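The values are calculated or read from the model by the stated rules, or taken from the named source; none is laboratory data. Since the structure is predicted, the reported quantities are computational estimates derived from the model, not experimental observations. When we count neighbours, we look across all protein chains shown, and the Cβ atoms used for this are built from the backbone with ideal geometry, even at glycine. Only protein heavy atoms, including side chains, enter the accessible area calculation; ligands, DNA and RNA are left aside. Shrake-Rupley method; radii C 1.70, N 1.55, O 1.52, S 1.80 Å.
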Amino acid sequence: MSEQIRTRFAPSPTGSMHVGNAHTALFNWLFARNNGGAVVLRIEDTDELRSTPEALDVIYGGLKWLGIDWDEGPDIGGPYGPYIQSQRLELYEQKVNELVEQGKAYRCYCTPEEVQQRREIMRAQGLPPKYDSRCRTLTEEDCAELSAEGRQPCTRFKMKQTGNTIVNDIIQGEVVYDNNLCGDPVILKQSGFPTFHLAVVVDDAAMSITHVIRGAGHLPNTQIHLQLQEALELPHPRYAHLPLILGEDRTKLSKRHGAVSVMEYQELGYLPEAMFNFLVLLGWSPGDEQEIMPRDEIVSRFSLEACNKAASVFDLKKAEWMNGEYMKQMEPAELAERVHPWLVAAGLIEEELFGKRWQWLIKIVELMQERAKLLKTYTTWARYFFTDDYEYENRARKKWLNKEATVDVLERLGDGFEALDEWNAETVESVIRGLAEEMGLSAGKVIHPCRAAVTGTTIGPSLFHLLVLLARDDVVARLRRTARLSRDGELAPTGDDADEE
Ligand code: GLU
């Protein structure tokens, strides 16, 4: 029987879900799903930073939004639980004691300040600034004396001091670490909590994890994990370290580069399926030029071997472009479902929409579909469909609304529309073209001021189709209101960019 693949996503509950974490979760999920394996969600809260229900909810929410599910975890249980590390402390302590009894780990009484001071000295001497193993050789009497001074020990693991540790990584290849450069890491803190090194090693084995897929930042830790597994006589899982994700200036992705938590992307109006697709292309490619791929296709084509070693750059423009592509491909009715909550939140439309009004919304969504890149865009670019309370942009003011000739055009257009028997794209167009001819103007000289007056902008979808999605009375009222404001000199450009062209 072939081995059952088991991966795990092991976030620390810090209160937000960084895109780097989501990326790791996604790659674990893809690998497991591609191989018919299982995904374990394990919460690593050993960093005294207490896990709160909110921090867990943030993790669940981020994963669910992206459509990443798990087969075992704190919320659904499973055969290897508990899945929260702070509920597994006994197991870690037992393993630490085992190591101490076998002489593979030792109690260390140095304070963090002392360790730090000695590190500085080593650095100044040009030596590797690692823990200097001072407590490795303490006798029982030494320990008793140090305890009597009131010192609380932590426990350190004895790393090998000669030779190399070799990580055979599925993505990064063979990486060789010189054992002489790595000091003895703390595995149990004074507080009785294990460090991350011990807890991951113990749990990966206890939970029968076959593949550890995580960010490249953890690669140097793997030398410790391999040696700990050996000392505890545990099997080595396979390792795959994902490429780092950098900002556009090729530094570590951080707040400076814009949104860094997954949920911020939801708040910005991204579609989860677009974000999913975008994240998977950070470090993986299907081997051809294809970029937009449905989830099922990504799952079936995914492999760790096809992941890049080199860091990937989080290109926000590309994320936005991809989201726009997803929005373009969507059925207008489905897109309207997605856009609707945004409009409700912006106070632009009612929550309960039925029949004709739904159909109307779908038409608006469809009309803007080519242009909108984010769901949220509809609350700004399409605002004028839902309210008379829209801004006149400076470009519209400068080019049309602040010009004397416009007043007459708008008023006559209002009269023409009012006189129509039927309100549809053809009749609207005929009034506009008719007026242009009557006034000896090009059609644009009527179309553009009309758009500027009715929408406040200079760009947008086909004006004739846009106008008929508005009530005729509203259009006439907007034309007259704008004509009046223009005549009264109220539509001069405003603000800082008033003089810019
Ligand atoms: N809890 C660790 C982190 O959030 C992950 C540890 C691991 O994947 O081995 O970085």
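Tabulated data
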quantity	calculated
Proximal charge balance of I166 [Cβ under 14 Å; K/R count +1, D/E count -1]	-2
Apportionment of accessible area to carbon and sulfur, region 88-247, percent (1.4 Å)	50
Long pairs among K130/K252; K363/K445; K64/K356; K317/K363, criterion Cα-Cα beyond 31 Å	K64/K356
Scattering profile of region 132-211 at q = 0.13, 0.16, 0.18 Å⁻¹ [log10 I(q)/I(0), Debye over alpha-carbon scatterers]	-0.59, -0.83, -0.96
Percentage, to the nearest whole number, of Cα pairs in region 201-255 over 18 Å apart	41
From phi via Karplus (6.51, -1.76, 1.60), per-residue ³J(HN,Hα) for region 140-155 in Hz, x at Gly/Pro	4, 5, 4, 5, 4, 5, 5, 4, 4, 6, x, 7, 9, x, 9, 10
Radius of gyration, Dmax [region 175-275; alpha carbons; angstrom]	17.6, 50
Residue-averaged 222 nm ellipticity for the chain, from DSSP H runs of 4+ at -39500 (n - 2.57), nearest 500	-13500 deg cm²/dmol
Charge sum, other residues only, whose C-beta stays under 13 Å from R136's C-beta, Lys/Arg counted +1 and Asp/Glu -1	+4
Chain lengthening between T387 and W423 when straightened (0.36 nm per residue, less Cα-Cα)	11.0 nm
For the chain, size of Cβ-based charge dipole, Lys and Arg +1, Asp and Glu -1, in debye	900
Region 389-411 residues near the modelled M439 label - backbone nitrogen below 17 Å, point 7 Å along Cα→Cβ	396-411
Sites matching GluC sites (Glu not before Pro) across region 286-323 that sit in DSSP coil, with at most 11 neighbouring C-beta atoms within 10 Å	E289
Summed side-chain charge close to Q223 - residues other than Q223 whose Cβ falls under 10 Å, Lys, Arg +1, Asp, Glu -1	0
Extent along principal axes [Cα atoms of region 361-409; Å; largest to smallest]	37, 20, 17
Tilt relative to the chain, helix 219-231 - C-alpha long axis, 0 to 90 degrees, to 10	40
Modelled label reach - A148, point 7 Å along Cα→Cβ, region 72-112 residues with backbone N closer than 18 Å	109-110
Note, ³J(HN,Hα) from phi for region 257-265, Karplus 6.51, -1.76, 1.60, rounded to Hz, x at Gly and Pro	8, x, 5, 10, 9, 4, 5, 5, 5
Modelled FRET efficiency - R0 56 Å, D488 with E174, Cβ distances, 0.05 increments	0.15
Length added when fully stretched, E337-R481, from 0.36 nm per residue minus Cα-Cα	48.5 nm
Between helix 425-438 and the chain: long-axis angle, C-alpha atoms, 0 to 90°, nearest 10	60
The chain: radius of gyration over Cα atoms, expressed as a fraction of 2.2 N^0.38 Å	1.36
Residue-span extension gain [K64 to R123] - 0.36 nm each, minus C-alpha spacing	16.6 nm
Angle in degrees between helix 89-101 and the longest Cα principal axis of the chain, rounded to the nearest 10	30
Virtual spin-label span in nm between S300 and N164, 7 Å along Cα→Cβ	4.2
Intensity falloff of region 302-359 expressed as log10 I(q)/I(0), Debye formula with alpha-carbon point scatterers, at q = 0.14 Å⁻¹	-0.62
